[in-house]
Amino acid sequence: MLKNGKSLKWLAFLALSLFLSGCGNMTVLDPKGPVAESQAWLIWFSIGFMLLIVLVVFILLTVILVKYREREDHKGYQPEIEGSHKLEIIWTIIPVIIVIILSVPTIMTIFELEEAPAATAHKEPVVVHATSVNWKWIFSYPEVGIETVNYLNIPTDRPILFKLTSADSMAALWIPQLGGQKYNMAGMETQLYLQANEVGTYAGRNANYTGEGFSEQKFDVVALEQGDFDAWVEETQSDAPELTQEEYDKLMVPGSSSEMTFSSTHLDWVDHSTDAEYAINAWERMGYEPLNPHSRAGKAYEMPALTQSDSGEIEGFESQAANE
Amino acid sequence: MKWDEFIITGDPLILGAQISILISAIGAVFVLTYFKKWKWLWDEWITSVDHKKLGIMYILIAILMFFRGGIDALMMRTQLAAPNMTFLDSLHYNEIFTTHGTIMIIFMAMPFLIGLMNVVIPLQIGARDVAFPFLNNLSFWTFVIGMGLFNISFIIGGSPSAGWTSYMPLASNELNPGPGQNYYLLGLQISGIGTLATGINMMVTIFKMRAKGMKLMMMPMFTWTTLITSMIIVLAFPVLTIALAEMTFDRLFGTHFFNLTNGGMPMLWANLFWIWGHPEVYIVALPAFGIFSEIITTFSKKRLFGYNAMVYSIVAISVLSFLVWVHHFFTMGSGAVVNSFFSITTMAISIPTGVKIFNWLLTMHKGRITFSTPMLWSVAFIPNFVIGGVTGVMLAMAAADYQYHNTYFLVSHFHYVLIAATVFACFAGFIYWYPKMFGYKLNERIGKWFFWIFVAGFNICFFPQYFLGLDGMPRRIHIYGVEDGWFALNFISTVGAFIMGLAFIILVYNIYYSFRYSPRETTGDAWGGRTLEWATSSAIPPHYNFAKVPEVTAMDPYWDMKEKGIDPNKIDKYEKIHMPSNTAVPFVMGCFMFLAGFGLVFEWFWMGIVGAIGIFACMAYRSFDYNDGYYVSVEEIEETEKRAREAK
Ligand code: HEM
Ligand SMILES: [Cu+2]
Ligand SMILES: [Cu+2]
């Protein structure tokens with residue numbers, strides 16, 4: 001029995017290691033930038049410790065259960081043991097030490113992530129305002145005066161400083177291969193440094209639940225060589241249409257949107273991190289009124305799926321009245 | 001209001017539910033009428049102040065809610081089984097995960113544990129009832145009314161869909177129109193009153209009504225955890241009450257506590273919610289720890305290892321539980337210092353928890369372990385809970401949490417904790433005290449099937465989710481694509497969920513089977529218990545619990561008596577016993593609460609006012625009620641005790 005139990009455990013251990021070696025392919029553990037790398041390191045570090053703890057408890061438990069289960073030739077029954085200060089002190093101290101060992105790199109990483117990655121800190125970061133609107137992402141590059149919807153182009157090997165905010169519900173910008181998430185909140189601004197070291201396309205999304213269109217509030221992040229990125233910026237500045245407030249207000253109504261590109265930014269007339277009411281006021285201008293989704297009127301109203309026409313107009317918006 | 005905003009139509013799943021609810025309601029009325037059971041129901045249960053009967057009713061409803069929350073879970077798991085499924089649309093999925101989470105925590109886990117406390121605690125400390133029996137009945141009815149109000153949302157008006165956390169501004173009128181969110185607010189508010197009252201009730205009972213000789217440091221561990229839990233309830237629930245009231249004001253009366261407009265502070269909600277919410281986690285975890293302690297000592301035939309350390313560690317956990325709430329939103333950008341502080345406090349909780357784990361292990365060490373079903377659940381708790389615990393420590397490391405937050409890693413973690421601790425404890429306690437409640441054991445063989453299948457299904461369902469989380473799958477999404485690469489693990493997870501569903505059916509079958517065929521219990525001490533609840537007769541001890549309250553001289557008093565050969569039921573002379581009378585007031589008051597709550601959900605204020613008047617009228621009536629109970633005569637006690645002895 002004992003022997004069997006042991007080989008079983010080794011088998012389980014083997015299976016687990018195989019399982020874990022598969023982790024290398026998992027998005028979070030397949031980092032493409034320094035931020036995600038330091039987080040992946042921390043995760044591996046903690047997994048190691050945790051496996052150790054799990055192993056100790058599992059082995060102790062198995063041994064005790066096997067040894068002290070009721071049986072014919074039972075040995076060592078001592079019902080009156082009250083406890084043991086020595087043992088109790090030991091298993092208070094050991095977790096204390098483990099917590100300390102885990103705390104140190106955790107806190108170092110927490111502080112580290114507040115700044116641009118050390119290796120590229122000398123470079124000027126690219127500032128991107130990332131605004132979440134139900135259920136779209138709006139990225140503004142104030143330094144070059146361009147704005148995109150639902151996709152994000154960035155240069156490699158340079159820190160990107162995201163200034164996060166939201167027009168309505170609380171969202172979270174998350175690009176797992178570049179680093180962990182942070183909340184976008186209306187009327188507030190949070191900052192997040194991320195960086196890509198490799199050219200490629202990475203999945204980005206809203207990770208914080210925001211209602212009906214949440215599952216689809218995703219975007220592609222395209223990391224380009226600095227030269228290619230500059231070329232894209234220039235092309236956008238000259239070719240893309242300008243964004244007017246009237247067009248922008250269409251984006252404020254809850255709904256989805258395709259990718260869009262503009263040669264100006266909405267920061268000219270609103271900064272959602274200081275104006276939490278903008279979207280709600282825009283609804284009024286656009287004739288949108290929230291309705292019980294179970295009522296006939298609420299069901300009849302289709303959330304708009306917006307697209308950008310060649311001339312730069314936003315199409316696909318119909319006011320609610322038109323639906324009734 | 002138009003009718004189409006009132007009854008939900010056009011969804012085949014909901015229509016099916018509506019029809020089956022109607023049929024079961026008609027069936028229940030028919031059965032009660034046919035067997036002439038209405039008066040029995042009213043006298044013996046609805047108006048009863050007997051803590052044991054209230055406890056049984058709590059448990060019954062908790063199991064019903066486990067069924068409801070479980071059906072929700074299976075529907076979600078079906079939708080997620082494969083990429084691009086269209087079983088549930090977004091709105092429906094959102095409503096289901098919101099009701100699942102809320103029901104499982106508020107209307108399943110808590111009442112199940114409160115039910116067990118009700119049944120066990122007075123018996124365990126040698127009391128005749130709780131300190132405030134009337135209030136106990138009232139607590140039960142506010143819970144039932146809150147539960148009922150919350151549950152009808154899916155057929156009348158629409159369910160809440162902002163998640164069980166109901167973050168603002170998502171839960172505001174602007175982003176969440178319709179009555180759904182109001183159901184959440186009022187359902188939780190009404191049942192919360194009951195929970196708070198239970199907390200006070202249990203606290204006073206334990207402080208004031210222990211049998212002679214039972215010092216605090218001699219109390220059984222379930223009593224200790226109930227005491228500490230009650231204190232957490234009393235400290236934490238008022239925060240929820242206020243927060244819910246404020247959000248209700250925002251939605252019904254246009255205030256701006258948490259709104260987007262006029263300077264509302266959505267983040268204040270998140271803070272208030274979790275200042276209640278994290279202690280809430282321990283409200284459902286600590287009693288579970290107590291239950292496991294009882295069962296592990298009984299089935300190891302050994303006293304608890306490190307009793308004092310166990311007590312100190314629950315006290316430490318309860319204090320720390322109020323100092324960690326920010327770990328639910330490390331990603332809010334509170335700054336490095338704040339996140340570091342809450343990282344450390346959170347990891348610190350693992351220290352007293354670890355102490356408890358090792359003390360349980362050492363309790364079994366040098367014992368004589370028998371694997372009856374309650375013990376199987378308690379033993380399974382340890383490894384599964386440790387998996388939940390260590391992943392909790394991983395989540396506590398804020399810098400890494402930026403990657404786990406809002407993903408299936410988190411979903412898996414909290415299910416490992418909530419199911420391995422709370423649900424396993426509910427099952428374990430239910431089976432352990434079943435003979436105390438009903439006078440016979442649940443069948444052990446079927447119970448083992450139930451155990452193995454459930455535990456297997458649980459791990460198959462939730463273990464893969466850690467890896468889904470690390471692969472970037474966010475929680476609360478209702479659909480994913482083929483290109484995401486999450487199909488295989490999700491499919492496995494869904495299979496596991498259905499295996500758990502199968503196990504639940506086995507449990508229900510076991511209840512039926514044991515009712516028919518289990519040999520009836522005669523001694524009152526079904527398992528060789530150590531604590532006082534086993535010293536009186538079963539099935540369901542007489543309403544006065546003990547003919548004469550035993551005197552306590554040692555830890556594990558009943559074990560001690562058995563060792564010394566003392567029979568606590570050998571009593572020379574009986575004395576009359578004072579007991580509280582039944583009451584209909586809480587039930588009537590509950591009906592008015594329902595009226596008021598329902599009115600407010602639909603913003604029919606006249607109805608709210610009628611309900612409020614009714615509630616106050618009941619309070620006034622109660623204030624002038626001078627009935628302070630009755631005496632059980634010596635003859636009746638003799639008669640009852642003789643019958644219990646004869647059963648032997
Ligand atoms: C018994 C089998 C169970 C299954 C198969 C199950 C499954 C699920 C699923 C699929 C979700 C939704 C995940 C998402 O979309 O984010 C969920 C969420 C949740 N579950 Fe369970 N669950 C089970 C039991 C429980 C229990 C016993 C509890 C509590 C005691 C619980 C508490 C929660 C909570 C709080 C949420 C989060 C809801 C939210 O996001 O607002 N679950 N569960
Ligand atoms: Cu904020
Ligand atoms: Cu917490």
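Mind checking region A:84-162 for trypsin sites (Lys or Arg not before Pro) that DSSP puts in a loop (not H, G, I, E or B) and that have at most 15 other Cβ atoms within 10 Å?
Listed in order of number, the matching sites are A:Lys123.
Going by average Cβ density within 10 Å per residue, which order do the peptides B:482-492, A:278-288 take, highest to lowest?
A:278-288, B:482-492
Just check region B:593-648 against the gyration tensor rule for me: Cα atoms, a ≥ b ≥ c as the square roots of the eigenvalues, rounded for a/c under 1.5, and otherwise prolate or oblate depending on whether a/b exceeds b/c.
The shape class here is oblate.
Which of the residue pairs B:Lys37/B:Lys570; A:Lys67/B:Lys436; B:Lys302/B:Lys548; B:Lys215/B:Lys573 have a Cα-Cα distance greater than 29 Å in the structure shown?
With Cα atoms farther than 29 Å apart: B:Lys37/B:Lys570; A:Lys67/B:Lys436.
HN-Hα J couplings of region B:353-367 from phi, Karplus 6.51/-1.76/1.60, θ = phi - 60°, integer Hz, Gly and Pro as x?
5, x, 4, 5, 4, 5, 5, 5, 4, 6, 5, 6, 4, 6, x
Please find the FRET efficiency linking B:Ile242 to A:Asp73, where r is the Cβ-Cβ separation and R0 is fixed at 51 Å, and quote it to the nearest 0.05.
Taking R0 as 51 Å, the efficiency between B:Ile242 and A:Asp73 is 0.25.
For A:Ala300 and B:Glu603, what is the calculated FRET efficiency with R₀ set at 25 Å and r taken between the beta-carbons, to the nearest 0.05?
Working from the Cβ atoms, E equals 0.65.
Amide H neighbours of A:Arg158 under 5 Å, counting only residues 5+ apart in sequence or on other chains, H built in-plane at 1.01 Å?
Counting only residues 5 or more places away or on other chains, the set is A:Ala196.
Within a 10 angstrom radius of each residue's Cβ in B:461-472, how many Cβ atoms of other chains show up on average? Whole number is fine.
What the average comes to for B:461-472 is 4.
In nanometres, what is the gap between the two model label sites at A:Asn25 and A:Asn281, each 7 Å from Cα along Cα-to-Cβ?
The answer from the label model is 5.2 nm.
Estimate the FRET efficiency between A:Lys86 and B:Ile540 by the formula 1/(1 + (r/R0)^6), using the beta-carbon distance for r and 45 Å for R0, to the nearest 0.05.
0.50
Below 16 Å, Cα to Cα, which aspartates and glutamates can B:Lys212 reach? Residues fewer than 8 away in the same chain don't count.
The reachable aspartates and glutamates, counting only those whose Cα sits under 16 Å from B:Lys212, are B:Asp129, B:Glu533, B:Glu551, B:Asp556, B:Asp560.
Using a 10 Å cut-off on Cβ atoms, rank the peptides B:554-562, B:192-200 from the highest mean neighbour count down.
Values: B:554-562: 19.9, B:192-200: 22.7.
Highest mean packing first, the order is B:192-200, B:554-562.
With θ set to phi - 60° and the Karplus curve 6.51 cos²θ - 1.76 cosθ + 1.60, what are the ³J(HN,Hα) couplings of region B:43-57 in order, to the nearest whole Hz, using x for Gly and Pro?
6, 8, 10, 4, 9, 5, 10, 5, 4, 5, 5, 4, x, 4, 5
Quick one: in chain B, what % of C-alpha pairs are over 33 Å apart?
47 percent
Enter the accessible area of A:Thr307 (Å², nearest 10), with the probe set to 1.4 Å and all protein chains included.
Solvent-accessible area, nearest 10 Å²: 60 Å².
Which entries in the list B:Lys52/B:Lys441; A:Lys182/A:Lys218; A:Lys218/A:Lys299 go over 19 Å, if you measure between the two C-alpha atoms of each?
Over 19 Å Cα-Cα: A:Lys218/A:Lys299.
Can you give the average number of partner chain beta-carbon atoms within 10 Å of each beta-carbon in peptide A:182-192, as a whole number?
Going residue by residue through A:182-192 and averaging, the value is 4.
Count the net charge of all other residues whose Cβ sits under 15 Å from the Cβ of A:Thr92, scoring Lys and Arg as +1 and Asp and Glu as -1.
Every neighbour counted, the sum reads +1.
How long is the gain from B:Thr86 to B:Trp42 if the chain were fully straight, where each residue apart is worth 0.36 nm and the alpha carbon distance is subtracted?
11.3 nm
If packing is taken as the average number of other Cβ atoms within 10 Å across a peptide's residues, how do A:50-56, B:393-399, B:48-54, B:542-548 rank, most packed first?
So the peptides A:50-56, B:393-399, B:48-54, B:542-548, ranked by packing, come out B:393-399, B:48-54, B:542-548, A:50-56.
Work out the mean other chain Cβ neighbour count within 10 Å for the residues of A:35-46 and drop it here as an integer.
Partner-chain Cβ atoms within 10 Å, mean over residues of A:35-46: 4.
The values are calculated or read from the model by the stated rules, or taken from the named source; none is laboratory data. Being a predicted model, the structure only gives us computed values, none of them experimental. FYI the Cβ positions are ideal-geometry reconstructions off the backbone, even for glycines, and counts take in every protein chain you see. When the accessible area is computed, the model is the full protein with side chains, heavy atoms only, and any ligands, DNA or RNA have been set aside. Shrake-Rupley method; radii C 1.70, N 1.55, O 1.52, S 1.80 Å.
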